[in-house]
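Please read the structure below before turning to the comments.
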Number of protein chains: 2
Amino acid sequence: MRISARSDYACRALLELALHWPNKAPMQIGDIAKRGNIPTKYLVHILIHLKQMGLVKSTRGKEGGYILSKSPGEIVFGKFIRQIGGPFVPVAISKKGADKLNVFSPIWHDVESAISEVVDDITFQDLVEKARGLSEVLVYQI
Amino acid sequence: MRISARSDYACRALLELALHWPNKAPMQIGDIAKRGNIPTKYLVHILIHLKQMGLVKSTRGKEGGYILSKSPGEIVFGKFIRQIGGPFVPVAISKKGADKLNVFSPIWHDVESAISEVVDDITFQDLVEKARGLSEVLVYQI
DNA sequence: ATATACATTACTAGCATGATCATGTTAGTA
DNA sequence: TACTAACATGATCATGCTAGTAATGTATAT
């Protein structure tokens, strides 16, 4: 499984918005980009995509920006990754049924299940707590 | 995880060679390509790669071709896939250590482990038996 | 010798990715 | 109302990878 920059950015953006939650004031693109270390111009498109997916809400104009449309606890990491990056194991090639001896697809199916078991058990609330934990450690280190 | 055509072809080629095993006579590229439904010209490169990996041996000239250099039971599917297609979860982006709040990498690590547990438990001997089982079913159906 | 089959390198077309830019549209505020 | 901050949308572009083809070289059995 290759994690594209796009998926990675999307994850980080969503994490930043989750860390911002439940603050009502919208978070601006530039702010998200800065905190998440994401190219601003690129983030624009990702956020639009996230909006189309119903994960975030936007407000235009002055004081505008983005907020999550659900609580972080309702956003499942695995589901999100699948929506953003496509299915985990898209075997690009599924030749015509002639392949009676397709011994491989069951394996990919099992792989997909194994992955899902890991990632479908994580919500962005978990990630928020983890991130907060990590930054506390950081404070201690300084 | 995206399975490239290349990886898919490599798997199928190796399976054909495994089905051929332990026949001493080498199997020719054209033959492998035909049985595995693989573009011949492309298969050339894959076989060279497999040879460099030490999985197959080649004989040039008339009556030349390829055979496995180990028994199918010694070839682990997971290891093979990793060698051919690269690591399962190469997060292309591992920004400078500044990312203290990298809450994602542990997840990818867990995913990688989960995948490995599935695919490292399968050898090409297993696949051969499965394929033979499937073709028997085929015979019955005819 | 010669035909056969692997070896190697070069090349191409197409596509996806990451990224930027230009130009709209919306909405708060003086 | 005019202005400005911020999102919205689509076009564009450079780059690199992927799948596939072609041409030429090298080894070997007969």
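Key figures
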quantity: Matching option when the condition is over 18 Å from B:Ile84 (Cα atoms) and either modelled with pLDDT of 95 or more or out of contact with any Leu (no Cβ under 6 Å at 6 or more places or on another chain) (or both), among B:Arg2, B:Arg35, B:Arg6; calculated: B:Arg35
quantity: Region A:1-54, residues that are of a type in the set (Val, Ile, Thr) and more than 10 Å from DNA strand C (Cβ to nearest atom); calculated: A:Ile29, A:Ile32, A:Ile48
quantity: Candidates B:Lys96, B:Lys62 - the one that is modelled with pLDDT under 85 and not hydroxyl-bearing (Ser, Thr, Tyr); calculated: B:Lys96
quantity: Considering residues of region A:58-91 that are surrounded by fewer than 13 Cβ atoms within 10 Å (Cβ to Cβ) and away from every other protein chain (no Cβ under 14 Å) only, the residue farthest from A:Met27 (Cα to Cα); calculated: A:Glu74
quantity: Residue in region A:130-141 that is open to solvent by 80 Å² or more (accessible area, probe 1.4 Å), within 20 Å of A:Ala10 (Cβ to Cβ) and either at the interface with another protein chain (Cβ under 7 Å from one of its Cβ atoms) or at pLDDT below 95 (or both) present; calculated: yes
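The values are calculated or read from the model by the stated rules, or taken from the named source; none is laboratory data. Treat the numbers as computed from the prediction; the structure is a model and nothing was measured. Glycine also receives a Cβ, built like all others from the backbone with ideal geometry; neighbour counts cover every protein chain displayed. Please note that ligands, DNA and RNA were not included when accessible areas were found on the heavy atoms of the full protein model with its side chains. Shrake-Rupley method; radii C 1.70, N 1.55, O 1.52, S 1.80 Å.
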